[in-house]
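Trainee: Right, I'll just put the structure down here and ask away after.
Readers should treat all values here as calculations from the given coordinates under stated rules, not as data from a laboratory. All figures in this text were calculated on a predicted structure; none of them were measured in a lab. Note: ideal-geometry Cβ built from the backbone for every residue, glycine included; neighbour counts use all protein chains shown.
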Amino acid sequence: MEKLKYALYTGCTARESTPELLKSTLAVADKLGIELILLDEASCCGASHLQDYDDFLSLVLNARNICYAEKLGLTMVTICNTCQLNTAMTKHRLDTNPELKAKVNAKLAEVGLEYKGTSEVTHFLYALIQDYGLEKLAAKVQVPLSQFNIAPFYGCHNIRPSELQNLSNGGENPYMPTSLDDLIIACGGVNVNYEEKNKCCGFHAELQSPRTAAILTGNAIAGAMDANADWMVTPCPLCHLKLDVQNHGASKALGRDVHLPVLHMPQMVGLALGCTPAELGLNHHVTKVDFV
Amino acid sequence: MESIKSQQVTFKVFRFNEETDYLPYYNTYVLDVTHEEVVLDILNRIKWDHDGSLSYRRSCRHGICGVCSIKVNGKGILACKSRLFDLVEVFGNEIIIEPLSTKRAIKDLIIDKKDFWDKHAQVKPYLVSDIEEHPAQEHLVSPHDAEKLLEADYCIQCGACHYSCPALAINEEFIGPAAFAAAYRFSADVRDDAALQRLHVVNEETQGVWDCVKCMECAEVCPKDVNPIEKITKLHNMVFEAGIAKNNVATRHAVGFAHSINKHGLLDEGELVRYSEGNIGVMKHIPEAIAMFAKGKIVMPWNMPKSKNLDEVKKLIKSSSTVKF
């Protein structure tokens, strides 16, 4: 197989509050021989809030990010569900609406760029599963995670709306997603089923509606705990921030102590591939990763 | 002629009678299902062949009246439009049939939708216009203007999105995706004069669009492809365009992204929280900020990373911005 090569859109979180996500992504890519070119030119995707204020500006900025992947002639890989949604949504809207694409390109021309629509946009989770392959990954596992019950937390913006997401996520059904479960099994772990695994963590309403956000976070952790999970795993750093950092507020809102270690998807894969805790940045977690 | 394929499916059906039952329970039926049957066919067979007391709403059988909406394995569906074979393919051959909202059940699959209609009423889901009682000619809407309604006009008020919305399940004041889509539908209509009134309603904190958690459940579940969250985004935009956005944590949370991107290309996470909450409001985040700092999760202002070619981003923000706050 030809060496896999992608343009990596890190998003903001991986450069700031979840440095362990970028670290572990690069460590896993290194172990698997996947080449990642960092898109240092890229700006914030607007995290589903900028478009509430200025939809057109959000489109222009996201299109600019994709331009840099197109310049490299590579598929853009994201490591944040919300980056994935905003970038894929922008791509879809421009690819299906020539008039809008022309309007956006008129702006991009001012900085010498043109959006063509030649690069695909996919989350690293799906790049691993579809391009690298689960069987090949399983064959590389050095430390099977067989003693752990692991609760997958999918995060909304990788699975919904399926009409858009299915363009890149291999037809995942948002009511019965399987990718993260399959990945856990490939890593030798035991996947835990619970009702909240495909539900919302509340992140996007955290500032303006803290009670709603805290209860949703609490429900997710409680669901995983009640299903006898040892820890959780998520492909989204925003979900991770809620589940890892905000469990005190969630416990208070629920009237019940909820906390579980939560790993980023590449951290879990990295553990199975034999990366060290330091290589995976496990020291950056607020809820202590106490099982390694 | 295509031969009829069939398979055995186990149905667990939610049962509850508000007048006689203290708790709900589930009845199990094992039936042979053919490839052409929809969920409503199964409900009819259970009622006609097994238990005449099973209660559910049904009417048009053509996916247009919206009354037969229920949940199957947690997914909101129209019973008359959803083929069993498609559901079995996703969920396996144990199918759990429940009302849209178990806590609002009156009898079996029939729920009290009062909250749904109350939310609709809040947004004046009708044209408000001074039209002469006996107009001399039709009030025509051009195809171009009709397109502005997007798909909002397709809503059949089945309630699938309303009872799948996690924000609404927690915050009962929240107006919810169906009524927001209706608010957009009539506000975007060129014949209507009440857009500003509706925008004030959806701009209120706690009940308004700001409390949407952006889970995309409404877009996913809608059997008519109304895509309510797209209309929620439109309402956000209209609030800013109408100049009625209040200066509060919710609006600053949206606007703060433009500020931050203009400065760094990337989002300054700490500054976004400070800007959104204000200097006093931000205090409540100090405990978690300390915990994050201790784990190397907070970037100091002087270390804030910046996008390469930031001048491009600044230039685009200057030339492409369409609103002011």
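Trainee: What ranking do B:Lys114, B:Lys315 get, fewest neighbouring Cβ atoms within 10 angstrom at the top?
Mentor: Working: B:Lys114 9, B:Lys315 14.
Least crowded to most crowded, the residues run B:Lys114, B:Lys315.
Trainee: In deg cm²/dmol, rounded to 500, what helix-only [θ] at 222 nm does chain B give when every DSSP H run of at least 4 residues adds -39500 (n - 2.57) and the total is split over its residues?
Mentor: Details: 13 runs with 122 residues, N = 325.
Calculated at 222 nm, the ellipticity per residue is -11000 deg cm²/dmol.
Trainee: Using the structure shown, list the pairs from A:Lys31/A:Lys136; B:Lys75/B:Lys124; A:Lys199/B:Lys124 with a Cα-Cα distance above 23 Å, or answer none.
Mentor: On the way: A:Lys31/A:Lys136 12 Å; B:Lys75/B:Lys124 29 Å; A:Lys199/B:Lys124 31 Å.
Pairs exceeding the cut-off: B:Lys75/B:Lys124; A:Lys199/B:Lys124.
Trainee: Which three extents, in whole angstrom, do the alpha-carbon atoms of region B:249-320 cover along their principal axes, largest first?
Mentor: Rounded to whole Å, the extents work out to 39, 27, 13 Å.
Trainee: Springs between alpha-carbon atoms under 10 Å, Gaussian network over chain B: tell me which of B:Met300, B:Met216, B:Met238 tops the mean-square fluctuations.
Mentor: B:Met300
Trainee: A further question on this structure: Measure up B:Lys47/B:Lys107; A:Lys3/B:Lys306; B:Lys263/B:Lys318; A:Lys242/A:Lys288; B:Lys114/B:Lys231; A:Lys71/B:Lys308 against 21 Å on the Cα-Cα distance and list the ones that go over.
Mentor: On the way: B:Lys47/B:Lys107 14 Å; A:Lys3/B:Lys306 30 Å; B:Lys263/B:Lys318 12 Å; A:Lys242/A:Lys288 14 Å; B:Lys114/B:Lys231 23 Å; A:Lys71/B:Lys308 15 Å.
With Cα atoms farther than 21 Å apart: A:Lys3/B:Lys306; B:Lys114/B:Lys231.
Trainee: Could you list B:His62, B:His259 so that the one with the fewest beta carbons within 10 Å of its beta carbon is first and the one with the most is last?
Mentor: Lowest to highest Cβ neighbour count: B:His62, B:His259.
Trainee: Next up: How big is the gap, in Å, between the Cα center of region B:217-294 and the Cα center of region A:171-210?
Mentor: 24
Trainee: Separate question: Given the -39500 (n - 2.57) contribution per DSSP H run of 4+ residues, what per-residue ellipticity at 222 nm results for chain A, rounded to the nearest 500 deg cm²/dmol?
Mentor: -12500 deg cm²/dmol
Trainee: Determine the dipole magnitude for chain B: charges of +1 sit on the beta-carbon of Lys and Arg, -1 on that of Asp and Glu, nothing else is charged, the reference point is the Cα centre, and the result goes in debye to the nearest 20. Show your work: numbers first, answer last.
Mentor: Values: 40 positive and 46 negative charges, 234 e Å.
The dipole of chain B has a size of about 1120 debye.
Trainee: For region B:118-197 and region B:93-110, what is the centre-to-centre distance using only Cα atoms, to the nearest Å?
Mentor: Rounded to whole Å, the Cα centres lie 28 Å apart.
Trainee: Next question. Test of understanding: extend the Cα→C-beta vector of A:Ser146 to 7 Å, then name every residue of region A:170-210 with backbone N under 19 Å from that spot.
Mentor: Hits in region A:170-210 for A:Ser146 at 19 Å: A:182-192.
Trainee: Roughly how compact is region B:206-325, stated as its Cα Rg over 2.2 N^0.38 Å to two decimals?
Mentor: On the way: Rg = 17.1 Å, N = 120, 2.2 N^0.38 = 13.6 Å.
In units of the globular-protein estimate, region B:206-325 measures up at 1.26.
Trainee: To the nearest 10 degrees, how steeply does helix A:19-32 sit against the main Cα axis of chain A, on a 0 to 90 scale?
Mentor: That helix lies at roughly 90 degrees to the long axis.
Trainee: Working from Cα positions, state the angle (0 to 90°, nearest 10) between the long axis of helix B:310-320 and the longest principal axis of chain B.
Mentor: Long axis of B:310-320 versus the principal axis of chain B: about 70 degrees.
Trainee: Could you give the size of the charge dipole of the protein assembly as shown about its Cα centre, using +1 on the Cβ of each K and R and -1 on the Cβ of each D and E, expressed in debye and rounded to the nearest 20?
Mentor: Numbers: 63 positive and 77 negative charges, 223 e Å.
Its charge dipole is roughly 1080 debye.
Trainee: What is the antiparallel percent of DSSP beta bridges lying wholly in region B:6-111, to the nearest 5? Please report the intermediate quantities before stating the final value.
Mentor: Numbers: 20 of 24 bridges.
Given both bridge residues lie in region B:6-111, the antiparallel proportion sits at roughly 85 percent.
Trainee: May I pose another question? Taking the Cβ of A:Leu4 as the center, what net charge do the other residues with Cβ under 9 Å away carry, scoring Lys and Arg +1 and Asp and Glu -1? Let's see the in-between values first.
Mentor: Numbers: positive: A:Lys3, A:Lys5; negative: A:Glu2, A:Glu35, A:Asp131.
Around A:Leu4, the surrounding residues sum to -1.
Trainee: Right, next: Build a GNM of chain B with springs between Cα atoms under 10 Å: which of B:Glu132, B:Glu269, B:Glu172 gets the top mean-square fluctuation?
Mentor: Result for chain B, Cα springs under 10 Å: B:Glu132 fluctuates most.
Trainee: Can you tell me which of A:Leu57, A:Leu36, A:Leu180 moves the most in a GNM of chain A? Springs connect C-alpha atoms under 10 Å apart.
Mentor: A:Leu57
Trainee: Using only Cα atoms, tell me the angle between helix A:210-226 and the longest principal axis of chain A; keep it within 0 to 90° and round to the nearest 10.
Mentor: Rounded to the nearest ten degrees, it is 50.
Trainee: Another question, if that's okay. Once a ≥ b ≥ c are taken as the square roots of the eigenvalues of the Cα gyration tensor of the protein assembly as shown, is the result rounded (a/c under 1.5), prolate (a/b larger than b/c) or oblate (a/b not larger than b/c)?
Mentor: Oblate, since a/c reaches 1.5 and b/c is not below a/b.
Trainee: Hey, another quick one. Which cysteines in chain B lack any other cysteine whose Cβ sits under 4.7 Å from their own Cβ?
Mentor: B:Cys68, B:Cys80, B:Cys155, B:Cys158, B:Cys165, B:Cys212, B:Cys222
Trainee: I've got another one for you. What FRET efficiency would be calculated for the residue pair B:Ile64, A:Ala227, taking the C-beta separation as r and a Förster radius of 41 Å, to the nearest 0.05? If you can, show how the numbers build up before the last one.
Mentor: Values: r = 40 Å, r/R0 = 0.97.
Calculated transfer efficiency: 0.55.
Trainee: Just to be sure I understand the model, the point goes 7 Å from the Cα along the line to the Cβ. What's the resulting B:Thr322 to B:Asn93 distance in nm?
Mentor: 5.2
Trainee: Assuming a viscosity of 0.692 mPa s and a temperature of 37 °C, what translational diffusion coefficient in µm² per second does Stokes-Einstein assign to region A:134-284, Rh being the Kirkwood radius over Cα pairs? Walk me through the numbers before you get to the answer.
Mentor: On the way: Rh = 15.7 Å.
Answer from the Stokes-Einstein relation: 209 µm²/s.
Trainee: If you take every DSSP beta bridge fully contained in the protein assembly as shown, what fraction is antiparallel? Give it as a percent rounded to 5. Mind dumping the intermediate values first?
Mentor: Working: 20 of 42 bridges.
Antiparallel: roughly 50 percent of the beta bridges in the protein assembly as shown.
Trainee: Counting only other chains, what is the mean number of Cβ atoms within 10 angstrom of the Cβ of each residue in peptide A:35-47?
Mentor: Details: counts 0, 0, 0, 1, 2, 6, 7, 6, 16, 13, 3, 5, 6.
Partner Cβ neighbours, averaged per residue: 5.
Trainee: Additional query: Do any GluC sites (Glu not before Pro) in region B:174-266 lie in a DSSP loop with no more than 15 other beta carbon atoms within 10 Å, and if so, which? Mind dumping the intermediate values first?
Mentor: Numbers: sites: B:Glu204, B:Glu205, B:Glu217, B:Glu220, B:Glu230, B:Glu241; in loops: B:Glu204, B:Glu205.
Listed in order of number, the matching sites are B:Glu204, B:Glu205.
Trainee: Could you pull out which residues in region B:25-47 have an amide N less than 17 Å from a spot 7 Å beyond the Cα of B:Thr10, following the Cα-Cβ vector?
Mentor: Within reach of a label on B:Thr10, which here means backbone N under 17 Å from a point 7 Å along Cα→Cβ, region B:25-47 contributes B:26-33.
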